[in-house]
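This report concerns only the one structure given below.
The values are calculated or read from the model by the stated rules, or taken from the named source; none is laboratory data. Keep in mind it's a predicted model, so treat the numbers as computed, not measured. Note that we place each Cβ from the backbone using ideal geometry, even for glycine, and neighbour counts take in every protein chain shown.
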Amino acid sequence: MTDRTLRGRMRGAALEALYRGLAATAWTCNAPAGAAIWGRAWGGFGRRFPAHVTTRLHGHSVTVNAGYAYLMLSRRWATYNEPLVEVVHQAQVAAGRPATVIDVGAAIGDTVLLLRERLGAEVGEVWCIEGDAEFFPLLERNLAGLGSVHFVRAMLSDGGEWEPSLVRIHLGTASAQGFGRVGATTLDRVLAGVPGPIDVIKVDTDGLDGKVLAGAASVLDGARPAVIFEWHPGLYKATGNDWRRPFHVLAHCGYDRFAWFTKFGEFSHVDHAVDDRDVTSLAQLCLRGDGPTSDWHYDVVALHGDSPIDVNEVAALRTARATRRGWHRRHVSLAAGGSE
């Protein structure tokens, strides 16, 4: 082994140890002083070490880019992603079989690993769609060997052939705000070859959610899956998209129940019909920075008028909470470098 190789391995080991250390101390952000100190350390780490690291996530060894914050977010907020877990569970109960999930904006595979750990056999086929050149190879690598997982590299839109290129808005995510142009397709086209029913569509595309749903009108009309999407007015504005569009598309396809959750996974409210004035009022709150924290946004679960899923059951998050404590203890242990 050459000195250069040895130094590279030592640097990689130190980088991974530092990453796990930051994950293990993310809880300190719940105090203002801790948040300030930890935030500076995390920001400096991401800028100085933009390499990949290997860590543990939901019981699996994964490779992530050093700025990928999912591990930190789920460590700090126990409710993080509970709405996604709950809606997949409710879809499985309603269908009476494992739920088929479409994961748009699959990133490095954290959604699949979360659902498999929390819900096990309740999750059936999963189709992972990701357009980012760095994330897609990590997605394939991290989920290699898992059965019933399918990978599609695609940039999604509403039918237009081109979209702005993806750029890093921070090290852990990408948004269509670039000056270049990349080829795009629709979710309807991507899902044309999916056999059987589709139960849940999750969309997290940093501002393109309305366009993605507009390009899935046939699936929404036909399969009528439960939908959970990120509603981030700041990113809608940055990508030149209308924050009202997801609701217009869904309402046109017969969706009439909407459960709102904060970006931390906490229940906010239920709407049985979304009014443009209410949506704009919430958007302005997010854009002005008047939310409880910076970068305020929501996740929204939408149900079709014919869906057998009870929106109030989704809002209650009973199943997610019932499994959270044991899962969170294991997850925290692994984030700190423990073993299963």
Residues that are surrounded by fewer than 17 Cβ atoms within 10 Å (Cβ to Cβ) and of a type in the set (Gly, Ala, Ser): list the helices (runs of 4 or more DSSP H) wholly contained in the range 147-225 that include at least 2 such residues.
217-222
Log entry, pairs with first residue in the range 138-160 being more than 24 Å from LEU213 (Cα to Cα), second being of a type in the set (Phe, Trp, Tyr) and not in a loop (DSSP other than H, G, I, E, B), beta carbons closer than 8 Å, six or more apart or on different chains, reads GLU140/PHE151; LEU143/PHE151
Output yes when any residue across the range 44-54 is among the β-branched types (Val, Ile, Thr), assigned to a strand (DSSP E or B) and buried (at least 24 other Cβ atoms within 10 Å of the Cβ), and no when none is.
no
Complete set of residues in the range 61-81 that are touching a helix residue (DSSP H, G or I) at 6+ places or on another chain (Cβ under 6 Å) and farther than 25 Å from ARG141 by Cα:
ARG76, ALA78
Within the range 57-116, take every residue that is aliphatic (A, V, I, L, M) and assigned to a loop (DSSP other than H, G, I, E, B) and give me the one that is farthest from the chain's Cα centre (by Cα).
ALA66
For the range 100-122, check the following and say yes or no: at least one residue is closer than 22 Å to SER74 by Cα and either assigned by TED's automatic domain parsing to the domain that holds GLY59 or among the hydroxyl-bearing types (Ser, Thr, Tyr) (or both).
yes
Of the numbered conditions (1) free of Cβ contacts under 8 Å to residues at least 60 places away in the same chain; (2) buried (at least 24 other Cβ atoms within 10 Å of the Cβ); (3) farther than 25 Å from TRP162 by Cβ; (4) of a type in the set (Phe, Trp, Tyr), PHE261 satisfies every one except a single condition; which is it?
(1)
I'd like the residue in the range 302-324 that is more than 17 Å from HIS272 (Cβ to Cβ) and hydrophobic (A, V, I, L, M, F, W, C) and, out of all such residues, is surrounded by the fewest Cβ atoms within 10 Å (Cβ to Cβ).
ALA322
